[in-house]
1. Which angle between 0 and 90 degrees, to the nearest 10, do you get for helix 155-169 versus the longest principal axis of the chain when only C-alpha atoms count?
2. Find the eigenvalues of the gyration tensor of the Cα atoms of region 73-116, then list the square roots of 5 times those eigenvalues as equivalent ellipsoid semi-axes, largest first, in whole angstrom.
3. Out of every Cα pair in the chain, what percent are spaced more than 36 Å from each other?
4. Work out from phi, with θ = phi - 60° and the Karplus expression 6.51 cos²θ - 1.76 cosθ + 1.60, the ³J(HN,Hα) of each residue of region 367-378, listed in order in whole Hz, and give x for Gly and Pro.
5. Mean separation of Cα pairs under 8 Å and 6+ residues apart, divided by the residue count of region 142-384: what relative contact order is that in percent?
6. Once every Cα of region 6-126 carries one equal point scatterer and solvent is ignored, give the base-10 log of I(q)/I(0) from the Debye formula at q = 0.11, 0.20 Å⁻¹, two decimals.
7. If you rank 190, 119 by how much accessible surface each has, with a 1.4 Å probe, what is the order from largest down?
8. Counting only helical runs of four or more DSSP H residues, what would the 222 nm mean residue ellipticity of the chain come to if each run contributes -39,500 (n - 2.57) and the total is spread over all its residues?
Amino acid sequence: MNKDMKILVVADYDSVKDMLREILSVYEQVRYTTSSEVKKEIDRIGPDVVLLVQPEDGAGVELVQYIQGELPEGIVIYLTERQDFVLLRDVVRAGAVEYIVMPDELNLLSDRLDKISDLSLIKQRKKGADVSGKAFVRGRGKVYSFYSGKGGSGRTQLATGFAQALKLESTASVLLIDLNLQYGGVETFLSFENNRTLGDLMPVMDEINEFHIRNVAQRENYSKLEVLVSPRDAETAENMSEAFVTRLIRASRRSYDFVILDLPTHMNELTFAALSESDMIYYVMNLDTPSVQIYQLVEDLFKRLRIDTAGRLEVIVNQVGRDNELNVSDLKGLFNAPITAEISRDHQGVQAAVNQGRPLQKEPNEKKLSPAAKDIRKWVLKKLS
Ligand SMILES: Nc1ncnc2c1ncn2[C@@H]1O[C@H](COP(=O)(O)OP(=O)(O)OP(=O)(O)O)[C@@H](O)[C@H]1O
Ligand SMILES: [Mg+2]
């Protein structure tokens, strides 16, 4: 962490200042000013980051624009007590990189500052080299879909477990998106605090970017995995277009190293769009005859829809246990895609986690993992190696 990062707090109320003082105590160069004074001070202080608390006169958007004009390289984070999508959009358009609702999302602030300070360290180290800051920001992230033609096979369980382990066991940024728009699912396995959903991104569909996504994404408590939760609403689902799904995935891939999609079983234009955008499709299968029959229908359907699966379709066998109708070895040769992971049946571990509202894995290199969590972690480590 770069403790020397210069932070300027613009706040008109003492109560807010006190709250921020605590969070910012780890930073050595923090200055405070008010919205009426900031124009005089900004040039002299030349902060790396400005924390702009919604001013009393409400002229926040203009102030963001002013600060961005004065400090093109500066990073503006906007803090407000109101959850207001129109304001969020305007503030982000004006150049703020983050919109944080106080006090509920203040924990997010430390997280963001950590990341920004890391980035500013990299910039310092590379100073002089002919590289622009932007070059570090992001490349093209990978999109992995969890799909199956058969409900209840474990797509959500594995997608959440995979995303969680990936976030915990690497430094990569990971976004999990629940595209089961009508009924959702990931909230069963991970717990969240507010009710933002990916439906909140529909109004900004045409200009959707990293900051919109980060503001709507929820964070899993243990890993800080970011998750776009399903709206779980038939009407919102109806109104979502293929173009929206495509843009959402593309914007996500520009902003995160890994984007994990939990997909519904039914094939419609949205599922199709998501599969088409995927670098890898993990087909989740159980060891019984109906699962194999449905898999073969799906392979056919993929062909008819011209979804190119060469090198990007893998079968993940889930619920492997003693009393399966079939063995993994029975599947070999039945279909073209390789089987690349086997996950144990683990009623006890899964039930305990769900009942306690905690994820299967809570920390990196966790020692006492249940069998399914262990298998998922092993799979993720193989993927990362
Ligand atoms: N390896 C496993 N061991 C034990 N239970 C499991 C395992 N994988 C999944 N389950 C359980 O099976 C049930 C179905 O899993 P999940 O919800 O992930 O499937 P899905 O394919 O997403 O289903 P849906 O079609 O409802 O979206 C859940 O109760 C889940 O906890
Ligand atoms: Mg599901």
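The values are calculated or read from the model by the stated rules, or taken from the named source; none is laboratory data. The structure presented is a predicted model; accordingly, all values stated were derived computationally and were not measured. Backbone-built Cβ (ideal geometry, glycine too); neighbour counts: all protein chains shown. SASA here: full protein model, heavy atoms, side chains in, ligands and nucleic acids out. Shrake-Rupley method; radii C 1.70, N 1.55, O 1.52, S 1.80 Å.
1. 50 degrees
2. The three semi-axes for region 73-116 are 17, 15, 6 Å.
3. Result for the distance tail: 30 percent.
4. So the Karplus estimates, Gly and Pro as x, are 7, 9, 8, 6, x, 5, 4, 5, 5, 5, 4, 4 Hz.
5. The normalised contact order for region 142-384 reaches 28 percent.
6. Cα-only, vacuum Debye calculation for region 6-126: -0.32, -1.17.
7. So, going from the largest accessible area down, we get 119, 190.
8. -12500 deg cm²/dmol
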